[in-house]
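The values are calculated or read from the model by the stated rules, or taken from the named source; none is laboratory data. Note that the structure is a prediction, hence the values are computed from the model and not measured. With ideal geometry, Cβ positions are generated from the backbone for all residues, glycine too; neighbour counts draw on all protein chains shown. Accessible surface is based on the protein model in full, side chains and every heavy atom, while ligands, DNA and RNA are left aside. Shrake-Rupley method; radii C 1.70, N 1.55, O 1.52, S 1.80 Å.
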Amino acid sequence: MRRVVLDTETTGMPVNDGHRVIEIGCVEVEGRRLTGRHFHIYLQPDREIDEGAIAVHGITNEDLKDKPRFKDIADEFYEFIKGAQLIIHNAPFDIGFLNNEFALIGQHERSDIAAYCDVLDTLQMARERHPGQRNSLDALCKRYGVDNSGRELHGALLDSEILADVYLAMTGGQTNLSLAGEGADGDGSGRQQATPIRRLPAERPRGAVIAASADELAAHAARLAVIEKAAGAPALWAQMEAAEQGTSAS
């Protein structure tokens, strides 16, 4: 499935107070890899940006004076996202603003993005996996070991790139290697799709079996003794070994 990780910045919130989109950033993901294709634009909103919003993303009214309006880029944006699964952190916020932008220019057939794109909300996904914990994008970066050191302010393109790494970590555990097999892909739930089993040839060279040395066996026994003392009962390894010896004796 073609996936597009998307983020927006706005003049403020909520959308029903007349606030507008001022930046859209999207990156494309296929086969659990960033393809290098992206869509990024700053927009003239024809209204002032709230001071609180400027403090978040750093985009000023002066920055947008010569930028295009949404109507100028609507077709290009629609073609980029059409038919893709959109991956968005707090999706209702971004989708609500983008639906409003299409509606404002009279493109009502495009003003329900969920009708032509599947939408996956990573905030909802994170809340289900980590209930009671902080699930902001920064918190998820820390939890999954994603580098967000360049994120001093919010920015739609940078945030979409970071979210792509977070999404890949959340759904696969690894961003560059799929252990399920070549070409395997996630389904958005963290599960890998089934791939054919690759059988190793019977005539392959056999691996050497290296037995533990006397020193290693002694260190192992000492470690089990420490565990037994701390737990007040034999370690599971020792219990299994005793059970196996009992079975052999019988």
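Taking 0.36 nm per residue of separation and subtracting the Cα-Cα distance, full extension of the segment from Gln107 to Thr35 would add 23.0 nm. Nearest 0.05, what FRET efficiency do Ala221 and Ala139 give at R0 = 51 Å with Cβ-Cβ as r? Efficiency for this residue pair is about 0.75.
Between Thr60 and Arg47, the contour length at 0.36 nm per residue exceeds the Cα-Cα span by 3.6 nm.
By the rule of a C-alpha distance below 27 Å, with chain neighbours fewer than 8 residues away ignored, the lysines paired with Lys82 are Lys67, Lys71.
Using a 1.4 Å probe, what is the accessible area per residue for the stretch 68-159, in Å²?
Details: 4650 Å² over 92 residues.
Counting only protein heavy atoms, the per-residue value for the stretch 68-159 is 51 Å².
Working from label points 7 Å from Cα in the Cα-to-Cβ sense, the Gln85 to Asn16 distance is 3.1 nm.
The phi torsions of the stretch 31-42, fed into the Karplus equation with coefficients 6.51, -1.76 and 1.60 and a -60° offset, translate into couplings of x, 6, 9, 5, 7, x, 7, 8, 10, 8, 8, 9 Hz, rounded to whole numbers, with Gly and Pro shown as x. Accessible area of the stretch 3-171 with a 1.4 Å probe: how many percent of it is carbon plus sulfur? Whole-percent figure for carbon plus sulfur exposure: 47.
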